[in-house]
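The values are calculated or read from the model by the stated rules, or taken from the named source; none is laboratory data. Computed from a prediction, not measured in an experiment: that's the story for all the values here. Here the Cβ positions follow ideal geometry from the backbone for every residue, glycine too, while neighbour counts run over all protein chains shown. Ligands, DNA and RNA are stripped out before the accessible areas are found, and what is left, the full protein with its side chains, is counted by its heavy atoms. Shrake-Rupley method; radii C 1.70, N 1.55, O 1.52, S 1.80 Å.
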Amino acid sequence: MSKLKFNSKWYNNLVNASNEKEKILDKIQNIIKEEYTSLLDIGIGTGSFFVDRLSKNFKEITIVEKESIDFKLPRNSRVIQSDWEETTLTRQFDVALASHVVYYFENKESSIKKIQKSLTPNGFAIYVVNGKDGNYGELKTEFSKIIGKDYSFTYDELKDILGQFKYTEYSIESHVEFKNSE
């Protein structure tokens, strides 16, 4: 069975119709209240939204992204073009950000442990995944029934893996609003 290809046009349309990134950024900025030396961003995706807005909080930003990046990045950032699961880092970071990337890890547990090991002794990671409550969970559950496949929520998998580490969970509500059904 072939893997579905990521549709960046569809994704960007969805993101532009949502207040999710702004809500997530507000929460991250409430967590990151001081200036840190280094940020590791895993899977920057289709744009530099978080890196642009968080760049003032970090002296240097390292981005690990398997796809080529064709958008401008802040001066204090550098890119390692590689799949996170294949990357070997030579240093540790104060903060790691994995926003909406855990879904794509082939081996989630190994990838999360690798993120945790990439942190300085007082460092912390921020994982952003969709929960399963509200409309999102219902939508995923119904869609999985339609296609006849069981769906395992990444949220549940992440919580199970993070159970071996000290962590704090935060939740935000966001909404998507389209002008028409197309």
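Points to keep in mind about this one:
- Using a probe radius of 1.4 angstrom, the carbon and sulfur fraction of the accessible surface of the chain is 47%.
- Note on GLU106/LYS33: beta-carbon distance plugged into 1/(1 + (r/R0)^6) with R0 of 45 Å gives a FRET efficiency of 0.85.
- Rough spin-label spacing in nm, given labels placed 7 Å along Cα→Cβ, for ILE69 and LYS149: 3.0
- In loop segments of region 1-108 as defined by DSSP, the GluC sites (Glu not before Pro) with at most 16 further C-beta atoms inside 10 Å of their C-beta are GLU34, GLU35, GLU67, GLU106.
- Antiparallel bridges, percent of DSSP beta bridges restricted to the chain (to nearest 5): 5
- Across the chain, the longest run free of exposed loop sites, meaning trypsin sites (Lys or Arg not before Pro) lying outside DSSP classes H, G, I, E and B with no more than 11 other Cβ atoms within 10 Å, spans 92-148.
- Under Karplus coefficients 6.51, -1.76 and 1.60, residue-wise ³J(HN,Hα) of region 45-59 in Hz, glycine/proline x: x, 9, x, 9, 3, 5, 4, 4, 7, 9, 4, 5, 8, 9, 6
- Length added when fully stretched, ILE80-SER8, from 0.36 nm per residue minus Cα-Cα: 23.9 nm
- Solvent-accessible area per residue for the chain (1.4 angstrom probe, square angstrom): 67
- With a cut-off of 19 Å on the backbone N, the residues of region 137-159 near the modelled label site 7 Å out from ALA17 along Cα-Cβ are 137-144.
- Listed residue pairs exceeding 26 Å between alpha carbons, taken from LYS9/LYS117; LYS27/LYS149; LYS56/LYS159; LYS23/LYS159; LYS33/LYS66: LYS9/LYS117; LYS27/LYS149; LYS56/LYS159; LYS33/LYS66
- Among TYR104, TYR127, TYR155, residue whose mean-square fluctuation peaks in a GNM of the chain (springs only between Cα atoms under 10 Å): TYR104
- Considering the chain, its Cα convex hull presents a mean projected area of 11.6 nm².
- Degrees separating the helix 20-31 axis from the principal Cα axis of the chain, which is the longest one: 40
- Angle in degrees between helix 134-147 and the longest Cα principal axis of the chain, rounded to the nearest 10: 60
- Degrees separating the helix 108-117 axis from the principal Cα axis of the chain, which is the longest one: 20
- Ligands, DNA and RNA aside, THR88 has an accessible area near 120 Å² when probed at 1.4 Å.
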